[in-house]
Structure formats: structure tokens, C-alpha cells
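Please read the structure below before turning to the comments.
Values in this text are rule-based calculations from the coordinates and carry no lab data. Quick caveat, the model's predicted, so the values are computed rather than measured. Positions of Cβ are backbone-derived with ideal geometry, glycine not excepted, and every protein chain shown enters the neighbour counts.
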């Protein structure tokens with residue numbers, strides 16, 4: 001681990017050690033500042049995205065965006081931009097961030113997207129947007145008038161050079177969510193492929209397959225893990241044919257519960273971010289996505305957070321997290337602290353931490369994770 005990162009703790013796992021730094025602050029706000037994601041850019045650059053509105057459907061989803069040029073150790077002040085959590089890297093090195101909400105367009109759905117040109121730190125809105133076609137049937141509209149399916153999760157490159165990602169939503173006639181895959185040659189024009197998982201897969205969770213993460217395993221298969229309900233374990237499915245078909249989804253009982261994030265190291269280790277209650281991180285040293293060992297990031301944060309701002313109890317973190325690989329043995333894990341839970345922080349509110357009284361804020365933190373075999 002870089003000497004510049006604050007000293008944390010080393011955890012003995014089966015077959016390896018996990019060295020975790022102390023938590024490092026990304027940013028804070030007295031407004032909504034939660035549901036963080038992080039995207040790898042060029043070199044040591046990263047981009048963190050924090051939702052800045054209540055957990056409700058809105059006319060325009062926005063986020064606070066911050067950049068790091070040193071693998072997450074320090075972060076720029078955040079600026080407000082359109083929200084999108086699926087990052088797609090194009091052949092020229094540009095990155096586009098797919099919109100969350102979609103609206104009806106001729107032949108399908110679409111919406112503007114955000115572009116970050118290679119080497120730039122200025123986000124641009126592309127009004128012509130993305131288009132998603134090939135829907136097997138109609139879907140229910142959301143209460144903000146948008147289409148019932150949203151882009152969500154991660155994207156991977158397929159062997160033919162095209163991109164694959166996921167959307168979830170509710171088809172007409174269904175009461176629970178379905179999770180679908182979509183592919184694109186250019187990252188802009190998307191075609192819906194198979195239904196990865198739907199209400200017919202009778203998971204315990206009441207929501208149905210929804211928020212997901214996608215990765216390519218070392219053996220070449222694709223893995224999707226997905227939420228079926230808060231406080232319920234994730235579902236998982238594998239594809240051996242580049243996403244054309246998916247295995248019967250399985251209940252992954254030792255992992256849980258809201259939007260997962262996946263990363264794969266060069267030696268094949270799969271790392272999973274998620275949680276609720278509390279943020280957690282899981283490791284699968286076998287590289288199959290089936291044999292998980294867990295660490296509580298909740299406990300790690302509370303023991304080492306330098307400002308004394310503990311998570312402490314359920315409801316003080318959304319447990320929305322993400323993890324990205326920095327190199328062949330280092331990862332970055334991002335999560336939030338929300339001391340007033342899902343409620344807006346009342347004006348003028350203070351809290352006591354480390355014996356000091358300070359204004360109450362929502363905050364987002366990162367931990368650097370180093371794997372020692």
C-alpha cells in the first residue's frame with residue numbers, strides 16, 4: 001500500500017490477507033449526498049458520482065461529481081451534473097455515462113447522455129442521446145412519466161468489441177422487476193437482448209431482479225449479480241456465450257442486499273461491494289463468483305474514521321457502494337455516511353464526533369484495499 005494512504009488494518013482471510021487503509025473523505029454536504037459510484041479513468045484518475053436528491057423519481061436526475069488524480073487519495077471539489085452510473089469506454093478513450101431515466105422515442109426509448117473526453121475533466125451533455133430498441137414488450141411508466149426501465153450497473157466489452165450492460169424495470173402486466181441485458185457497437189445505439197432474470201424466478205425478495213453488477217471472470221464467462229429486495233441475498237447468473245443466454249439464476253445466500261458492484265483482479269480474484277444492513281466487501285479467491293469471504297466495512301469505518309463520524313447503526317449508510325480495481329492487487333471501495341438516514345438534514349443541525357461539535361453533513365468515503373497473497 002502506498003505510504004501516503006492512512007494506516008488502517010490487515011485482515012487475515014482464507015488464502016490471502018486484505019490490507020485496508022483508514023477511510024479517506026471524498027466530500028460532504030448538508031444536502032443529499034449519497035448512493036456513490038466510482039469510475040476508473042486514464043492513468044491514476046477516478047471519477048466519483050454522488051446522488052444529490054431524495055430517494056424518489058424526479059424530472060431530472062443529477063449528481064455531485066468529483067475527480068481524483070492519485071488513485072483516490074485526494075479529491076477535487078464536486079460539481080453538479082446529470083446523473084448516470086453506467087460508464088462505457090469507447091475505442092478512442094472517451095467515456096460516456098449512460099442516462100438513468102429514459103423517455104419514449106420512435107421505435108424505443110432514449111435520453112441525453114454525458115460524455116467525458118479522454119484526458120478531460122469537463123463533462124459534456126450530448127442532447128441527441130442514446131437510443132434503446134428491441135424491447136420484447138411494453139413496460140410500465142414511472143411516476144415521473146419516464147419509461148419503466150432504467151440503465152443501471154456496469155458495462156463490459158464483449159469479444160467482438162461491442163458493449164454489454166443491464167437495465168431493470170417492470171414490464172406491463174408484471175408486479176415485480178425484470179433485469180435485461182442490452183448490447184451496443186458504439187455505446188450510443190443499444191439493442192435489448194435476453195431477459196436475464198424476471199418474476200418467474202421466485203426469489204425470496206419482494207422486488208424481483210433489479211439493481212445489478214456485471215463483470216467478466218478470468219475463465220471468460222460473464223457474471224451478473226443482482227438485488228431482489230433490501231435485506232435479502234443477491235441473485236446471480238452466468239453466461240458462457242457472451243451474454244446471449246444466461247444460466248438459471250441462483251440465490252447467493254452469503255451476500256446481500258442492495259445494488260452490488262463487482263471488480264476482477266488480474267489473478268482472477270472477484271471482489272464484490274454491497275450491503276444493507278451496513279456496507280460490506282466480499283472476496284472470491286477462486287474466481288468463480290461462488291465462494292465468498294466477507295469483511296464488514298461498517299466495522300472498519302467505525303474503528304478508523306479519523307473524524308469520529310461513525311456509521312454506528314443501521315440507517316446511517318445507504319449501503320450503496322462500489323469497488324474498482326486500481327492495478328493487479330489494489331482496489332478502491334466507496335460508500336456513504338448519512339446520519340439522518342433517508343431524511344433531509346434539518347438546517348442548523350450539529351453533531352458531536354471525537355468530542356467536537358460540528359455541523360451535521362452527509363459524507364462519502366473511500367478505502368484502499370490491497371490484496372496480499
Exposure proxy ranking, count of Cβ atoms within 10 Å, fewest first, for 126, 188: 126, 188
Of all beta bridges DSSP finds with both residues in region 9-372, what is the antiparallel percent, to the nearest 5? 95 percent
Sorted from fewest to most neighbouring beta carbons within 10 Å, what does the list 12, 64 look like? 12, 64
Below 8 Å, C-alpha to C-alpha, sequence gap of six or more: please give me the relative contact order for the chain in percent. 16 percent
Normalised by the number of residues in region 256-300, what is the relative contact order in percent for Cα pairs under 8 Å and 6+ residues apart? 29 percent
Tell me the label-point distance for the pair residue 247, residue 137, using the 7 Å Cα-to-Cβ offset, in nm and rounded to one decimal. 2.8 nm
Could you identify which residue out of 117, 17, 356 has the top mean-square fluctuation in a GNM of the chain using Cα springs shorter than 10 Å? 356
Between region 225-291 and region 174-216, what is the separation of their alpha carbon centroids in Å? 14 Å
So residue 352 and residue 185, fully extended at 0.36 nm per residue minus their Cα-Cα distance, gain in nm 54.9 nm
Expressed as a whole number of Å, what is the distance separating the alpha-carbon centroids of region 300-373 and region 74-131? 27 Å
Where only C-alpha atoms are counted, convex hull volume of region 117-221 per residue in Å³: 156 Å³
Rounded FRET efficiency, nearest 0.05, which uses the C-beta distance separating residue 60 from residue 92 and R0 of 22 Å: 0.20
MRE, 222 nm, helices only [DSSP H, n ≥ 4, -39500 (n - 2.57), over the chain, to nearest 500]: -500 deg cm²/dmol
